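Worksheet: the structure to be examined is printed underneath.
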Amino acid sequence: MDYDVIIIGGSYAGMAAALQLLRARRSVLVVDGGKRRNRFASHSHGFLGQDGVEPGKIAADARRQLEAYPTLTWIDALAENVTGKKDGFSLTLADGTVHRGRRVLFATGVRDELPNIAGLEERWGKHAFHCPYCHGYELNEGALGVIASAPTSLHQAQLIPEWGKTTFLLNGAVTLDAATRDDLTSRGVAIEETPVAGIEGKADIRLADGRLLSFTGLFVASRTVPATSIAERFGCALEETMLGSQIVTDAMKETGIAGAFACGDAARSPHSVSLAVADGAWAGAALHRSLVF
């Protein structure tokens, strides 16, 4: 069977795009590998109407709603390769199965590249975060640590005091001039120069000199990259942003390859569930228009 649109990635952006197309009675294939970026978080926040809901429940409810439309096909599998051109794309899955479609949408999401700090990966999404709008309120104005990982960490250190007393742990990743130090001090930010040896307990920082600093939560600026290289291998261009690399698209979410579109965290920044859903909805409408006009 040939589909109108093949969507690679069935998380929030991919499903939002699929919904617009299904409501236009278009045939849609969604292929999803089952690894949402926020799978580590216990609750999702800042998403209107779903504030405080477990992320997996939001995704499961959305999928059930999509499955009510008869023109949806959903395959739980890994997408391996895309070939072809507009009106004649082919998607090969990891098991060798091939599916064809007139359009393709890369909604693959991203993965977080974390600094090499002992204990950070295990606490990611639970006690260590990248987005204060998603997680800051629940930390109840407790002591917060910002671990520097890149120049963008300075922005975090300036912003995080909105949610609690903040310590900026430079960890050898950032150099501060006098004006910047004065700015941080004016915001009530404590500056810690000693490198981080690791994270213990829930969110306690063990410094290289042996001291232990206790925090309610930690923030780290991760670098994001598309969760899979499938779009890049197909020939889609990537661009660097302050947050990492993403797929280049135009205002209608089309990549530099005619008929191939991209949306969600893999094709925009900054990132959140709300923004991914909005981007996916727009991509779905743009895809439909490309089939009509």
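The values are calculated or read from the model by the stated rules, or taken from the named source; none is laboratory data. Values in this document were obtained by computation on a predicted structure and should not be read as measured data. Reconstructed Cβ throughout: ideal geometry from the backbone, glycine too, with neighbour counts over all protein chains shown.
In region 117-129, what residues are surrounded by 20 or more Cβ atoms within 10 Å (Cβ to Cβ) and either over 17 Å from S214 (Cα atoms) or hydrophobic (A, V, I, L, M, F, W, C) (or both)? Result: I117, L120, A128, F129.
Whether a residue is at pLDDT 95 or above, within 18 Å of K85 (Cβ to Cβ) and in contact with an Asp or Glu (Cβ under 9 Å, 6 or more places away or on another chain) was assessed, and L287 passes this test. Run down A173, A190, A143, A178 and say which single residue is in contact (Cβ under 8 Å) with a residue 60 or more places away in the chain and of a type in the set (G, A, S). Residue meeting the stated conditions: A143.
Quick grid of which residues meet (1) among the basic types (K, R); (2) modelled with pLDDT under 95; (3) in the same structural domain as E122 (by TED's automatic domain parsing):
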| residue | (1), (2), (3) |
| --- | --- |
| L169 | no, no, yes |
| V174 | no, yes, yes |
| R187 | yes, no, yes |
| L207 | no, no, yes |
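The set of residues in region 1-39 that are crowded, with 23+ Cβ neighbours inside 10 Å and assigned to a loop (DSSP other than H, G, I, E, B) comprises G9, G10, S11.
Out of I199, I191, one residue alone is closer than 26 Å to R36 by Cα, modelled with pLDDT of 95 or more and of a type in the set (V, I, T). It is I199.
Taking region 244-273 as the range and being of a type outside the set (D, E, K, R), crowded, with 17+ Cβ neighbours inside 10 Å, within 16 Å of the chain's Cα centre (by Cα) and not in a strand (DSSP E or B) as the test, the residues that pass are C263, G264, A266, A267, H271, S272, V273. Among the residues here, G101 does not qualify as touching a residue at least 60 places away in the same chain (Cβ under 8 Å) and at positive phi. Can you name the number of the only condition in (1) exposed (fewer than 12 other Cβ atoms within 10 Å of the Cβ); (2) more than 26 Å from L291 (Cα to Cα) that R64 fails? Exception for R64: condition (2).
Return the residues of region 108-132 that are among the small types (G, A, S) and in contact with a strand residue (DSSP E or B) (Cβ under 6 Å, 6 or more places away or on another chain); say none if nothing qualifies.
Answer for region 108-132, where residues must be among the small types (G, A, S) and in contact with a strand residue (DSSP E or B) (Cβ under 6 Å, 6 or more places away or on another chain): A118, G119, A128.
Of all the criteria given as (1) at pLDDT 95 or above; (2) crowded, with 16+ Cβ neighbours inside 10 Å, the one not satisfied by S222 is (1).
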